[in-house]
Each structure stands twice: as C-alpha cells, then as structure tokens.
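The values are calculated or read from the model by the stated rules, or taken from the named source; none is laboratory data. The structure presented is a predicted model; accordingly, all values stated were derived computationally and were not measured. Here the Cβ positions follow ideal geometry from the backbone for every residue, glycine too, while neighbour counts run over all protein chains shown.
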Amino acid sequence: MDIDWQSLGFQYMKTNSHIRYVWRNGVWSQGELVDEPYLKLHIAATALHYGQAVFEGLKAFSCKDGKIRLFRPVENARRMALSTRRLCMAEPTEEMFLDACRRVVAANREFVPPYGTGGSLYIRPLLIGSGPQIGVNPADEYIFLVLVTPVGAYYKGGLTPVRAVVLENYDRAAPQGVGHAKVAGNYAASLEPHKVAHERGFPVELYLDCREHRYVEEFGTSNFVAIDRKGAYVSAQSSSILGSITNKGLQQIAADLGHRVEVRPVEFSEIAGFAEVAACGTAVVITPVNEIVRGDQVVRVGPPAGCGPVFQEIYTRYRAIQVGDTADPYGWTVEL
Ligand SMILES: Cc1ncc(COP(=O)(O)O)c(C=O)c1O
C-alpha cells in the first residue's frame, strides 16, 4: 500500500472490498464482502429506469489515540430510512446499516488516512431497486451496498471562502417533492445548474424556494447557515432541503458556545445583514461563503478572506471531536 495521503482529493479509489446485501422475498441476506467493484444488474432494474436509488455519505477517522471511529453513523441510517420510505423501497435496519459500515471499514483499515493527514475514509451506503419492472412500480428485489474510499483534507491551509451564485432558471426541489430525501435523481437534476454555475466561475450554487424565489433553500450539496449580527446561528428552514447531519452537529456546538440557534425561513434579502455565511456538509464541514451573486446584485458577507470568527471556532471544535483531539461529549463517534 503506497498512498500519498497529502495528494488525496475527493475521488473514487479502489479499495479491498465493498459490502453487499440483497433483499429477496422480504428478507435481507447476511451481507458479504465483495472484492470486485462491479454489480451484475438486471437490465430492467428499477434503479436504472425509474431512479429507485438512495444513498448516504459519512466518514471514518483515524483518531489521536490510534483508534478508528465512525462519525454519527446512526444519523445516516435514520436519514436513509427516511429516503427509503419516500421511494417505497425495502429498508435496511439501523443495526444492519451500522454493521455494514463497521465491517466494510474493518476490511479496508489500511485505506483510512492516518491521524494528522486531515484525510478520512469516506463511506458511501447505497440502496437500489434491483428487481425488474416495466411498469412504474417498486422493485421486488433490492441491493444495499456500502463502498469506501479514502479522501483528503479539503483545506490544506485555513478555511477558504467561496463565491456562490443564484441561478434564476433552476430549482432544486418542490415543497412536497423529494428534496428532503437523499435520492439519486436529485443529484442528476443538479448536474446542469452546477455546470452552468461552474462555467460562470462559481464553485457553488444557492437555491431559493421554488414558489417565490424569495426564501433561501440550500446550496447544491450543503445547507445554508449564517451568523447574524447578534451572534445567533441561523439555519435556513424548508420542507424541501436535505436535513444535514453536519448542520445538526454545528447547531449543538453553537448552542453550547452560548449562541442562540434559529432554524427558520430565511429571506434572500436578509443575507446582506448577516455577519457570516457558510455552506455545511460532510465533505468539507464548513465552507465560508463571502459573496453571493444574483443577477446584477452582488451580496458581500463576512471577512473578504478567510473564515469569520464564529464559524471558525465552531469548525475547530467539530473537527477536534471527529479526530479525537478532544473528548466527544455528545456520543457522536463510534469506535470500530
Ligand atoms: C443536498 C444536500 N444538502 C446538504 C448536505 C449536507 O448533509 P450532511 O451534513 O449530512 O453531509 C448534502 C450532503 O449530504 C446534500 O447533498
């Protein structure tokens, strides 16, 4: 094994194995570790035609004491269950989800980036309808698998702010649609706006509510959070955003640091009045956002370089818990 941990990005790297379970006749198999990163799939599988596919994303870290810990896997199990119900799929139990993550990480120990490198083992649980259907119906067979791949530190230096753009011609999700679920189709739908944003020089896009384009929803793959001028932690609320597990944790830390936490609808027009704005999610934890462009309006927030002081402090605490630099007072980490 010869991995240059410092040059790891966020790409797939082949590892020893993934773990795979099949649901047939109402029961899940015991799960087996499979070396080959390929699936043999029926050509009429519902995942392929009708998007009956949901997934998750979480991380395992090498900690200061030399142990490997999963970060909040139960939260991901619960969110996957929520997504699964929305798409009428067979549901992996919480116990099975946890066991799958543990077994696949244990089988790929040498791919967990060492403590101090800033990297982690990204864990990607995936559930797909594998049984054939020609009519639009739920499958009668499902595959649940968990793959892992090492990923690098996103920030090699300090937290670097980005510019975001609002694209008036695109919406992410409808109020009573599937935006709150982590379904594959949401991400297929995001590819075009993401490409457009990228071509215009913006690494992230900010979505507004699809009824009025008045309220903030979320960024492409992360929640919208802000610190207001009174020091409150503000998280944009909507029925069509994905409930970020990172956001939940950051809210807890913010509250424990004495910040008021407000989860509420946020109007786009409020952004200019915030002291700090950030995108949050598993991949990066916190990405400061210092400029949001909407048409010819340019909204600047927070310090022009670096991260605002409140998000910086919350981020530092969060990261310290992930890698065991400080004790975990919340029971978020699960030893392998
Ligand atoms: C649309 C969307 N919102 C928010 C998030 C952040 O969620 P989490 O903090 O659980 O990674 C993600 C990533 O999973 C996402 O894809």
Given (1) of a type in the set (A, V, I, L, M, F, W, C); (2) outside the structural domain of Pro193 (by TED's automatic domain parsing); (3) not in a loop (DSSP other than H, G, I, E, B), number of the condition Ile286 does not satisfy: (2)
Region 167-185: number of residues that are farther than 20 Å from Met89 by Cβ and either assigned by TED's automatic domain parsing to the domain that holds Arg85 or touching an Asp or Glu at 6+ places or on another chain (Cβ under 7 Å) (or both): 2
Single match in Glu95, Glu91 (criterion: away from the ligand (no atom under 16 Å from the Cβ), assigned by TED's automatic domain parsing to the domain that holds Gly26, assigned to a loop (DSSP other than H, G, I, E, B) and under 17 Å from Phe144 (Cα atoms)): Glu91
Among (1) farther than 30 Å from Asn137 by Cα; (2) more than 16 Å from the ligand (Cβ to nearest atom); (3) buried (at least 16 other Cβ atoms within 10 Å of the Cβ); (4) of a type outside the set (Lys, Arg), the one test that Tyr12 misses: (3)
Of all residues in region 155-203 being more than 16 Å from the ligand (Cβ to nearest atom) and aromatic (Phe, Trp, Tyr), the one that is surrounded by the most Cβ atoms within 10 Å (Cβ to Cβ): Phe202
Residue satisfying condition, being of a type in the set (Phe, Trp, Tyr) and assigned to a loop (DSSP other than H, G, I, E, B), within set Tyr122, Tyr142, Tyr170: Tyr170
Search result, residues across region 319-336 that are in a loop (DSSP other than H, G, I, E, B) and among the charged types (D, E, K, R): Asp325, Asp328
Matching residues, region 204-215, being more than 15 Å from Val165 (Cα to Cα) and either in contact with a strand residue (DSSP E or B) (Cβ under 9 Å, 6 or more places away or on another chain) or surrounded by 13 or more Cβ atoms within 10 Å (Cβ to Cβ) (or both): Cys210
Candidate set from region 241-260 (those that are surrounded by 22 or more Cβ atoms within 10 Å (Cβ to Cβ) and of a type in the set (Gly, Ala, Ser)); member that is nearest to the ligand (Cβ to nearest atom): Ser244
Selection count, region 60-71, where residues are crowded, with 21+ Cβ neighbours inside 10 Å and either assigned to a loop (DSSP other than H, G, I, E, B) or within 11 Å of the ligand (Cβ to nearest atom) (or both): 1
Positions within region 289-318 being basic (Lys, Arg) and either in the same structural domain as Ile123 (by TED's automatic domain parsing) or assigned to a strand (DSSP E or B) (or both), in sequence order: Arg294, Arg300
Odd one out for Arg163 among (1) part of a loop (DSSP other than H, G, I, E, B); (2) under 28 Å from Val204 (Cβ atoms); (3) over 19 Å from the mean Cα position of the chain (by Cα): (1)
Filtered residues of region 216-237 (kept if within 12 Å of Val301 (Cβ to Cβ), surrounded by fewer than 24 Cβ atoms within 10 Å (Cβ to Cβ) and not β-branched (Val, Ile, Thr)): Asp228, Arg229
Which numbered condition Lys230 misses (of (1) within 11 Å of the ligand (Cβ to nearest atom); (2) closer than 14 Å to Val310 by Cα; (3) among the charged types (D, E, K, R)): (1)
Matching residues, region 25-59, being within 14 Å of the ligand (Cβ to nearest atom) and either polar (S, T, N, Q) or in contact with a Ser or Thr (Cβ under 7 Å, 6 or more places away or on another chain) (or both): Val54, Gly57, Leu58, Lys59
